[in-house]
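S.K.: Sharing a structure with you now.
Every number in this text was worked out from the coordinates using simple rules, so none of it is lab data. These figures come from a predicted structure and were not determined experimentally. A quick note on method: Cβ atoms are made from the backbone with ideal geometry, for glycine too, and the neighbour counts reach across all protein chains shown.
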Amino acid sequence: MTENREDRKLTCPKCKAAMEVIKVEEVDIDRCTGCQGIFFDICEHKDLSTLETEPFDAPKAHDNSAMDKIDHIKCPVCKVDMLRLVAIKKRDIKYEKCPMCSGVYFDAGEFTEFKEEETTWDAINKMLRG
């Protein structure tokens, strides 16, 4: 996790609202106060794979298409263009990954669905870890 996590002020890469730090079982997650999207650092990926997502991942809206249409975003930490990725089994889940810090951004509710794809999760972890 990033040092001084509580001190850094992030802005949502999609709706530009402030992001708040949510602490779940000693893991810090950045959640947008507007659209409820979530951003987490690479070192949190493994921790999050075992957490119950209900406390931090808002239910997916019936139609996340407004957020899905925003496909060119900058990393809220590094300010570089994030890569757009698509889940292997659930092709409607589109998320972004930073090529610099390996942080990942999910629209509201998408991480919960993404996490259910265990084979996808394993493939992403392998890819991110080298």
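S.K.: Simple spin-label model, 7 Å along Cα-to-Cβ: Val86 to His72 in nm?
M.R.: Label-label distance for Val86 and His72, simple model: 2.0 nm.
S.K.: Moving on. Taking θ = phi - 60°, what integer Hz values does the Karplus form 6.51 cos²θ - 1.76 cosθ + 1.60 yield along the range 105-115, in sequence order, with x for Gly and Pro?
M.R.: Working through the residues one at a time gives 10, 10, 5, 3, x, 6, 5, 4, 5, 4, 4 Hz.
S.K.: Sticking with this structure for a sec: Given the pairs Lys16/Lys89; Lys14/Lys90; Lys16/Lys90; Lys79/Lys115; Lys9/Lys74, which span a C-alpha to C-alpha distance of over 24 angstrom in this model?
M.R.: Lys16/Lys89; Lys16/Lys90; Lys79/Lys115
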